[in-house]
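One structure below.
The values are calculated or read from the model by the stated rules, or taken from the named source; none is laboratory data. Because the structure is predicted, anything quoted here is derived from the model rather than measured. No Cβ is skipped: glycine too gets one built from the backbone with ideal geometry, and neighbour counts run over all protein chains shown. Surface accessibility is based on the protein's heavy atoms, side chains included, excluding ligands, DNA and RNA. Shrake-Rupley method; radii C 1.70, N 1.55, O 1.52, S 1.80 Å.
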Amino acid sequence: MPLLLAAGAVCYMVFASLILTTLGYRICVAMLKWFRKYNKHLLVVFMAALLVVWLGGQALEELLRSDDSNQLIAKAFGSELRQSDLMSTYSRADVLTGLGYPCAAWRGMWQVSLMDLGIPPGMADVDREPLSMMEWYMLVESARRQNVAVSDDEVQQFKRAMPDAATRISQVRDRSRVSLAQIDEAIADFLRVREATRRAASAVHVTEPEIRNEVKQVAEKVRVEFVSVAAEGLIDREAPLDDEQLRSHFEQYRNYLPGAGPDLGFGYRKEAAIQFEYVVADAEELAKQIEIDDQKAFTYWRAHRDEFIRPELETQPTTDTAPAEPAATQPVPYEHFDEAKAEVVAKLLDEQVQKEAIALMNSFISHLNQAWRTAETGEDGYLVAPEAVKGETYLQQAVESFAKKRYGNALRYHKSDWREINRLMAEPGIGQTRGAEARTPVFFSRVGGQVQGLAERPTAAGADRWYLAMYQPSPDPLIDRDNNVYMYRVVAARESAPPASIDEVREQVENDFRLLQGYRVARESAEQLAKRAATNGLAATMDADPELRAKLGGPVARVMKPEPFARQRVFGGGGQWMLMPTSVPGIGAEPAFVQKCFELGESPTSDTPNRVTLVEHKRNKAWIVVQWIETLPVREDVYEQERVQVALRLFLERVGGFLKTYYDEGQIRQRAGWEDILPEGAKKSEEQSS
């Protein structure tokens, strides 16, 4: 208040001075007499004006601002909504954010709901973007309309349970100028939405028949025997090939990537590929130029003795003169530095080599980046490469210019041939590298193909760091397991495209066509085997006919008798489970095969003595002849053993699915009956564009 009085006095004096300088002398004298007469009254007016500005500044600002609070924005809950209808809920949401955890978690309310249901976050598959203010309004209003009541006692109890509640509430009141009643209303919103979710989630349950059926998936087992008739063993590599058939086959699959075509996965489309140059700081060469001081090694050893362990000696066999020495029961550090010196020096040298290699490569990358400082951004979002960096010998010359710098002669230049971007990991050396200093995992095999011409540059801040323009150096060094450090730049890129003619892939087309013919022969042979096995049994049929066995592939065409297997297997633990397809020896994880095996056991008794069927296995390019032997039902003791875990897993899946749907933006809008209303200007613009 004293400061306010002083400010009022100053304003009053300034005002008087302005009048004196602006008006004539006589008028000023008359005015000053009037001021002296009403001095106290004027001071009160000035003080009142200052108080209005100080206390109501934000209100005045809102008053002067163009008012769009009456603008219709949506239809919801059976009526039209204006911006002003949402503002009180928005304000209370800001209060919740200011109060900190758990109130501030309203944007991630599904996590709060998980904990309310006794499920730690991460144990159920629920995730989405943070809730928006508008979604929060819909959730709060929906809870109100469901008559979810929150008593004052519940609000006060919640506040008492908040850590450091008094301080937080005081800070929010000072910062946001809200009353205790308004804070209580905000907390009531939070509790109301929690309770509405709890009520809705109470419908989630797991029944005993569902648990029993789920246990059946992992505990009921089937025993079968089978023979795999593979196309590979029935290929006639000497048979003549018709050129027209080859061309027809090529045209059928030319636009598919290898492995992605229909049926057996044939495809001849070329993968996207890059050609790149890279520079490596040779760790072995650096090691020759670095020496580790004995004193430094001794100091390190003395501070880290437990790191250097004496190797265990092999137990000497018993002799006539000496018994066997007992093996050491626990690791023992070296007693003397001389014993550990070699290991200490090797460790310190390894660390120093890595440090120097990274520093050297950072310096080299910084040198290359000088040419890019003034580069402009093109329409595609990538930098436009300066002409100076496009030369074929540019990078090699840069390496040579570094040779005279400290450790610069350890740099080595390399250039690759065309490499498909999905096979970069196979590139010797650099293919196995990762970011040397990256906080988040970066691997060359993943980022090498993120280049101009092949990948759209992301617009999110920070997400584009490893999306490089043509000729642009990598932003950071990469390192391999041997401490060799790398940088790279892509100098050419080729998009995925079909071959221009069959001549580019003729050899592959011929091999695939022969395989296709072998696959057809394999089916015919498997059908004959299945027919005979239905009468005589699979093993007996194979044993009785060596010619058939030889035709089906010789020694590899044998009857497989795996251990009984279930439909699925449980993978994981500690609350994190998932069902995985059962992997059958000789077949792999093939759900269709497993399902056929169980269906054989469930089918009505056939006219033949044995239940046999044929299963196509496209991935292995084979036909499988299967004979059902028996189905092993779930024993009651096994059911009781598996029941608790299965019930918990099913409950987690149901709750996760429920909350994922409940907090889905589209579902929130649907429950509220939300329909956006465009402003008049936007409506006209939309009509014009239509």
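Within 10 Å, count the other beta carbons around each residue, average over each peptide in 241-248, 142-149, and list them highest first.
Put in order of decreasing packing, that is 142-149, 241-248.
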Across the stretch 155-162, in residue order, what do the Karplus-derived ³J(HN,Hα) couplings come to in whole Hz, using 6.51 cos²θ - 1.76 cosθ + 1.60 with θ = phi - 60° and x for Gly and Pro? 5, 5, 5, 4, 5, 5, 7, 6
Amide H contacts under 5 Å for Q146, placed H, 5+ residues apart: none
Calc'd 3J(HN,Hα), the stretch 140-146, phi into Karplus 6.51 cos²θ - 1.76 cosθ + 1.60 (θ = phi - 60°), Hz, glycine/Pro = x, comes to 5, 5, 4, 5, 4, 6, 8
So the carbon and sulfur contribution to the accessible area of the stretch 236-280, 1.4 Å probe, in percent, is 42
Treating only the Cβ of Lys, Arg, Asp and Glu as charged (+1, +1, -1, -1), what charge dipole size does the stretch 142-259 show about its Cα centre? Round to the nearest 20 debye. 1180
Pulled fully out, how much extra length does the chain show between D153 and T377, if you take 0.36 nm times their separation in residues and subtract their Cα-Cα distance? 74.6 nm
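With a sphere of radius 11 Å drawn around the Cβ of W623, what net charge do the other residues whose Cβ falls strictly inside it have (Lys, Arg +1; Asp, Glu -1)? List each step's numbers first, then the result.
On the way: positive: R520, R523, K618, K621; negative: E524, E527, E616.
Spelling it out: positives minus negatives among the neighbours equals +1.
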Karplus ³J(HN,Hα) for the stretch 412-426 (6.51 cos²θ - 1.76 cosθ + 1.60, θ = phi - 60°; Hz, whole; x = Gly/Pro) runs 10, 9, 9, 9, 8, 7, 5, 10, 5, 5, 8, 10, 5, 4, 7
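Roughly how many Å² is the accessible area per residue of the stretch 150-304, as a whole number, for a 1.4 Å probe? Spell out each step's value before the answer.
On the way: 8250 Å² over 155 residues.
Solvent-accessible surface per residue comes out at 53 Å².
Which value, in Å², gives the accessible area per residue of the stretch 395-494 when a 1.4 Å probe is used on the protein heavy atoms? If you can, show how the numbers build up before the last one.
Numbers: 5330 Å² over 100 residues.
Spelled out: the 1.4 Å probe surface of the stretch 395-494, per residue, equals 53 Å².
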Near T582, within a Cβ-to-Cβ distance under 12 Å, what is the net charge of the other residues, with Lys and Arg +1 and Asp and Glu -1? 0
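Using a 10 Å cut-off on Cβ atoms, rank the peptides 382-390, 509-517, 172-180 from the highest mean neighbour count down. Provide the component values of the computation, followed by the final result.
Working: 382-390: 15.2, 509-517: 17.7, 172-180: 13.3.
Taking the mean over residues of other Cβ atoms within 10 Å, the ranking is 509-517, 382-390, 172-180.
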Non-local residues with an amide H under 5 Å from the amide H of Q472, with H modelled 1.01 Å from N and Pro and chain starts lacking one, are V490
Spin-label zone in the stretch 128-151 - amide nitrogen under 16 Å from a point set 7 Å from the Cα of Q71 along the C-beta vector: 134
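For every other residue with a beta carbon closer than 13 angstrom to the beta carbon of N483, add +1 if it is Lys or Arg and -1 if Asp or Glu, then tell me the sum.
On the way: positive: K347, K355, R434, R481; negative: D282, E284, E285, D350, E351, E356, D480, D482.
My count for the surroundings of N483 gives -4.
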Could you please state how large a percent of the accessible area of the stretch 469-574 is carbon and sulfur, counting protein chains only and using a 1.4 Å probe? 47
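Within 10 Å, count the other beta carbons around each residue, average over each peptide in 559-571, 645-657, and list them highest first. Mind showing how you got there, number by number?
Values: 559-571: 15.5, 645-657: 18.2.
Going from most to least packed, we get 645-657, 559-571.
With an 8 Å cut-off on Cα pairs and a minimum separation of 6 or more residues, tell me the relative contact order of the stretch 66-223 in percent. The partial results should precede the final answer.
Numbers: 110 pairs, mean separation 40.5, N = 158.
It rounds to 26 percent for the stretch 66-223.
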Hey, can you grab everything whose amide H is under 5 Å from the amide H of L383? Only 5+ residues off in sequence or another chain; H modelled, so Pro and N-termini drop out. G378, A469
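Taking the Cα centre as origin and putting +1 on Lys and Arg beta-carbons and -1 on Asp and Glu beta-carbons, what dipole magnitude results for the stretch 630-676, to the nearest 20 debye?
Working: 7 positive and 10 negative charges, 33 e Å.
With only Lys, Arg, Asp and Glu charged at Cβ, the dipole is about 160 debye.
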